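> Input: one structure, supplied below.
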Amino acid sequence: MKTFDVIIIGAGSIGVPMSFYLAKKGLKVAVLEKLASEGRGQNRAAIGGIRATHSDPAKIKICQISIELLKRMKEEFGKEIDWITGGYLFPVYDERTEKALKKLLIKQKEFNLNIDWIDAEKVDKLVPGINKTELRGGTFSPEDGSASPLKVAGAYLSLARNEGAEFYFNEEVISFETENSKIISVTTSKDKYSGGIIINAAGGDAREIGLLTGVNIPVIPDSHEAGITEPVKPFFKPMVVDIRPDTQSANYYFYQNKEGQVVFCITPKPPIVGKDTDSTSEFLPLVIKRMLNLYPRLRNLRVRRTWRGLYPMTPDGFPIVGFTKEIENLFLAAGMCGQGFMLGPGLGLITSEIIADGNRRYDFITEQLTLYRNFSGTEMLK
Ligand SMILES: Cc1cc2nc3c(=O)[nH]c(=O)nc-3n(C[C@H](O)[C@H](O)[C@H](O)COP(=O)(O)OP(=O)(O)OC[C@H]3O[C@@H](n4cnc5c(N)ncnc54)[C@H](O)[C@@H]3O)c2cc1C
């Protein structure tokens, strides 16, 4: 049996960066992944948006740390991840959304978020040619940005390996052995491992992994589609998020990546619950109609590819982070909803401080994101 200080289940948006920060603290780390390489689960479905613009202190803090880490990735480690500081823009066309976002601004500023209300002219400067009919302005957070999910996963994999973390691909975790409320071994399709701490970072499969340990983790995935266009010269900078619901969708968002491609994604209404990742013919007509109405300049762009992935959702839209009461050496980093890519680096660093240093300064995060909350809240910007 191979023995480690920490075993992470899942080499995804969360597991890969986490392995680096834990290994950097001197811990012996193993990552067990059922797929053939890093980031092949939902990480590859993410379109690359990274914002600290949330509505609660825990996610704001985690993503502020992520932004700091990713912004410095090239300078510090020489890894190209296609980071762009383009900001996040929520354009507003109706009074109800304006009131809601302005109310949220007060809270966001309390949590030290760099965000402000900007008028319609400024919105048009950021996204030249945006539909100005009834445009009232919007909120803009200039420090948010984007990066390539595949490059970020690749960068963290090599950094983690340099620090001694070991990755076991094509190994599915199939069972656990527990004794006196502790996991004493993890069995995969190929081998058996023991670890001082076991981290469930299994994304859309976190619930199934939880059930193998007797812990019920309410993570239910739903399907989301995305697409990417051909590359063109840069013509707008921010991630544009339109949170006005219509009859078939809750919101949609898009930005132009470092290659010049416009990447976009929509949140279907009602949610399509389950693990279906087959693309549909309904997605493009639905999202394109909304995008062209908001930003007519996109009309001549050709779509290159579409895909469908999963949001590992929780009932309230917030992640689940922290140790469980049932199994004392089981740590959860699951239920990342639509933000696992942006949460990954920050959560990795924070978790390494909690586990390796016993640092208590992030207690407010594990208290807010505990499995034992009542899940009655709703994340406004999920
Ligand atoms: C269309 C779309 C667009 C998105 N856009 C964004 C975005 O712009 N920004 C953002 O932050 N997020 C975005 N997301 C959400 C993001 O992709 C997810 O929240 C994130 O990838 C979840 O990270 P994770 O590490 O929990 O899961 P994953 O990245 O899926 O990693 C979990 C890993 O666990 C492995 N695993 C599962 N079970 C086992 C087992 N039994 N044994 C071994 N390994 C196992 C899986 O194979 C997988 O590799 C988007 C999602 C979709 C679908």
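The values are calculated or read from the model by the stated rules, or taken from the named source; none is laboratory data. In this text the structure is predicted, and so the values were computed from the model without any measurement. All Cβ positions, even for glycine, are placed from backbone atoms using ideal geometry, and neighbour counts span all protein chains on display. In case anyone asks, the SASA skips ligands and DNA or RNA and just uses the protein heavy atoms, side chains included. Shrake-Rupley method; radii C 1.70, N 1.55, O 1.52, S 1.80 Å.
> Identify, from the list Val240, Val215, the residue that is assigned to a loop (DSSP other than H, G, I, E, B), closer than 30 Å to Met380 by Cα and in contact with a strand residue (DSSP E or B) (Cβ under 7 Å, 6 or more places away or on another chain). Steps first, please.
Details: Val240 fails: assigned to a loop (DSSP other than H, G, I, E, B).
The conditions single out Val215.
> Can you tell me which of Glu177, Glu208, Glu134, Glu121 is in a loop (DSSP other than H, G, I, E, B), of a type outside the set (Val, Ile, Thr) and open to solvent by 20 Å² or more (accessible area, probe 1.4 Å)? Spell out the reasoning first.
Working: Glu177 fails: in a loop (DSSP other than H, G, I, E, B); Glu208 fails: in a loop (DSSP other than H, G, I, E, B); Glu121 fails: in a loop (DSSP other than H, G, I, E, B).
Exactly one of Glu177, Glu208, Glu134, Glu121 is in a loop (DSSP other than H, G, I, E, B), of a type outside the set (Val, Ile, Thr) and open to solvent by 20 Å² or more (accessible area, probe 1.4 Å), namely Glu134.
> Checking the condition among the aromatic types (Phe, Trp, Tyr), in contact with a Pro (Cβ under 6 Å, 6 or more places away or on another chain) and either at pLDDT 95 or above or within 16 Å of the ligand (Cβ to nearest atom) (or both), which residue from Phe341, Phe318 passes? Show your work before the answer.
On the way: Phe318 fails: in contact with a Pro (Cβ under 6 Å, 6 or more places away or on another chain).
When all the criteria are applied, what remains is Phe341.
> Follow-up question, since we're still on this one. For the condition in contact (Cβ under 8 Å) with a residue 60 or more places away in the chain, more than 16 Å from Ala46 (Cβ to Cβ) and not polar (S, T, N, Q), what is the one hit in Val263, Val240? Before you say what the answer is, go through the steps one by one.
Working: Val263 fails: more than 16 Å from Ala46 (Cβ to Cβ).
Residue meeting the stated conditions: Val240.
> For Glu68, all conditions in the list (1) of a type in the set (Asp, Glu); (2) away from the ligand (no atom under 16 Å from the Cβ); (3) within 18 Å of Val16 (Cα to Cα) hold save one; what is the number of the exception?
(2)
> On to the next question. When you check Ile183 against the structure, is it over 21 Å from Leu343 (Cβ atoms) and buried (at least 21 other Cβ atoms within 10 Å of the Cβ), yes or no?
Numbers: over 21 Å from Leu343 (Cβ atoms): yes; buried (at least 21 other Cβ atoms within 10 Å of the Cβ): yes.
Considered against the rule, which asks whether it is over 21 Å from Leu343 (Cβ atoms) and buried (at least 21 other Cβ atoms within 10 Å of the Cβ), Ile183 comes out as yes.
> Okay, next question. Determine, yes or no, whether Leu70 is at pLDDT 95 or above and either more than 26 Å from Asn112 (Cα to Cα) or open to solvent by 20 Å² or more (accessible area, probe 1.4 Å) (or both).
no
> Given (1) outside the structural domain of Ile67 (by TED's automatic domain parsing); (2) within 29 Å of Lys24 (Cβ to Cβ), where does Cys337 come up short, assuming only one miss?
(1)
> Here's another thing I want to ask about it. Which pairs turn up if I take residues in the stretch 349-372 that are in a loop (DSSP other than H, G, I, E, B) and look for partners that are open to solvent by less than 30 Å² (accessible area, probe 1.4 Å) and among the acidic types (Asp, Glu) with beta carbon separation below 9 Å, at least 6 apart in sequence or on another chain?
Asn359/Glu353; Arg361/Glu353; Tyr362/Glu353
> Here's a follow-up. Which of the residues that make up the stretch 218-235 are more than 14 Å from the ligand (Cβ to nearest atom), assigned to a strand (DSSP E or B) and open to solvent by 10 Å² or more (accessible area, probe 1.4 Å)?
If the condition is that a residue be more than 14 Å from the ligand (Cβ to nearest atom), assigned to a strand (DSSP E or B) and open to solvent by 10 Å² or more (accessible area, probe 1.4 Å), then Glu230, Pro231 are the ones that fit.
> Right, another one. Quick one: which strands (runs of 3 or more DSSP E) sit completely within the stretch 251-332 and have at least 2 residues that are under 30 Å from Val6 (Cβ atoms), open to solvent by less than 10 Å² (accessible area, probe 1.4 Å) and β-branched (Val, Ile, Thr)?
Per the criteria, 320-323.
> Out of Asn170, Asn114, report the one residue that is polar (S, T, N, Q), open to solvent by 20 Å² or more (accessible area, probe 1.4 Å) and in the same structural domain as Arg244 (by TED's automatic domain parsing). Walk me through it before giving the result.
Details: Asn170 fails: in the same structural domain as Arg244 (by TED's automatic domain parsing).
Every option except Asn114 fails the conditions.
> Filtering the stretch 339-382 down to residues that are of a type outside the set (A, V, I, L, M), open to solvent by less than 20 Å² (accessible area, probe 1.4 Å) and within 14 Å of Ala52 (Cα to Cα), which residue is farthest from the chain's Cα centre (by Cα)?
Going through the qualifying residues, I end up with Glu379.
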